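Read-outs throughout are calculated quantities, based only on the coordinates presented, and are distinct from any laboratory measurement. The shown structure was predicted, so the numbers you read here are calculated from the model rather than taken from an experiment. In this analysis, Cβ positions are derived from the backbone assuming ideal geometry, glycine residues included, and neighbour counts consider all displayed protein chains.
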Amino acid sequence: LELNGVQVPRGTYPTVQRNAAVTKDTSRKVPRPVVITARINGHPARALLDSGSLGDFMSSTAADQLKVKRTKLTSPLGLQLAVQGSRSKINSGTKAVLEYQNIKEERYFDIINLSNYDLILGTPWLYQHQVCLGFNPARVLVGSDTALPLDGVSVTSIASHAVALENSEIDRARKLLLD
C-alpha cells in the first residue's frame, strides 16, 4: 500500500500540491457503447442505449429519411449535454413505431441533431421496459415487452422554464417600462 504522505514540520505552512494528468498517448482503449439495431416504422435504425439520457431521441436525419410526421413544440425545450456549455434546443418531436426483440410500440421521440446514431433510447425507455445492460460482454436484457408506467419513487418530473407571453402582455410590460 503506497500512501505518498509527506511529513510537514510543525509551524510551517506547506504549499498545496496540484497534480495534472496529461495524456502522453493519443490513443486510449475504451469499451464500446451498447448499440442495438431496432426498427422504426419497419426500417432498421441504429440506437444507442444511454443510461445517462433523460429522454428518447431521434436524429433529424433519420426523421427526414423516414418521413415521420413532426409535431412542432409550442415552446422549444433546452437540451443540456454532459459537456459544460454544450446546449441545444428541441423544436419538434414525433411518434413512431419502435420494434426491438418482442417490443412493438408507438413511442414519442424528441427530434434533435445527432451524429453516429439514428436513435438514443434513454432512461424513459430503459425504465419502462425494465432493461438491464451489460458491458463485458455487451448484452441487453428486456424485462417487460410492454411499456410500464413512469411511476414510483425513482421517477421525477422535469419542468420547462419556458414562458409564453401574449402580445397584450408584452405591450403592457413595454408600456410599464417606458413610463
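Between residue 115 and residue 158, how high is the FRET efficiency from 1/(1 + (r/R0)^6) when r is the Cβ-Cβ distance and R₀ = 25 Å? Nearest 0.05. Walk me through the numbers on the way to the answer.
Working: r = 24 Å, r/R0 = 0.97.
Efficiency at R0 = 25 Å is approximately 0.55.
Taking the Cα-to-Cβ direction at residue 171 and at residue 97 and moving 7 Å from each Cα, how far apart do the two end points lie in nm?
4.9
Cross-link candidates for residue 72: which aspartates and glutamates have Cα within less than 12 Å, leaving aside residues fewer than 8 places away along the same chain?
110
Over the range 27-179, calculate the relative contact order: mean separation of alpha carbon pairs under 8 Å at least 6 apart, over the residue count, as a percent.
Numbers: 249 pairs, mean separation 38.4, N = 153.
About 25 percent, as a whole number.
Taking only C-alpha pairs under 8 Å that are 6+ residues apart, what is the relative contact order of the range 92-143 in percent? Don't jump to the answer; show the numbers that get you there.
Working: 45 pairs, mean separation 11.5, N = 52.
Relative CO of the range 92-143 lands at 22 percent.
First obtain the Kirkwood hydrodynamic radius of the range 43-179 from its Cα pairs, then insert it into the Stokes-Einstein equation at 10 °C and 1.306 mPa s, and state the resulting D in µm² per second as a whole number.
Numbers: Rh = 17.2 Å.
The calculation lands on 92 µm²/s.
Please list, or write none, the lysines whose alpha carbon is within less than 20 Å of the alpha carbon of residue 29, excluding same-chain residues fewer than 8 places away.
Of all the lysines, none pass the test against residue 29 - Cα under 20 Å, at least 8 places apart if same chain.
Gain in length, residue 69 to residue 46, computed as 0.36 nm per residue apart minus the alpha-carbon separation, to one decimal in nm? Kindly include the intermediate steps, with their values, before the conclusion.
On the way: separation 23, 0.36 × 23 = 8.28 nm, distance 1.97 nm.
Gain in length upon complete extension: 6.3 nm.
Net charge near residue 43: determine it from the other residues with C-beta under 13 Å of the C-beta of residue 43, scoring Lys and Arg +1 and Asp and Glu -1.
Numbers: positive: 39, 46, 67; negative: 64, 99, 118.
The answer is 0.
Tell me which residues come under 5 Å, amide H to amide H, from residue 131 once H is placed; ignore anything under 5 positions away on its chain.
143
Please report 158, 90, 112 as a ranked list, fewest other C-beta atoms within 10 angstrom at the top and most at the bottom.
Working: 158 8, 90 15, 112 20.
Neighbour counts put them in this order, fewest first: 158, 90, 112.
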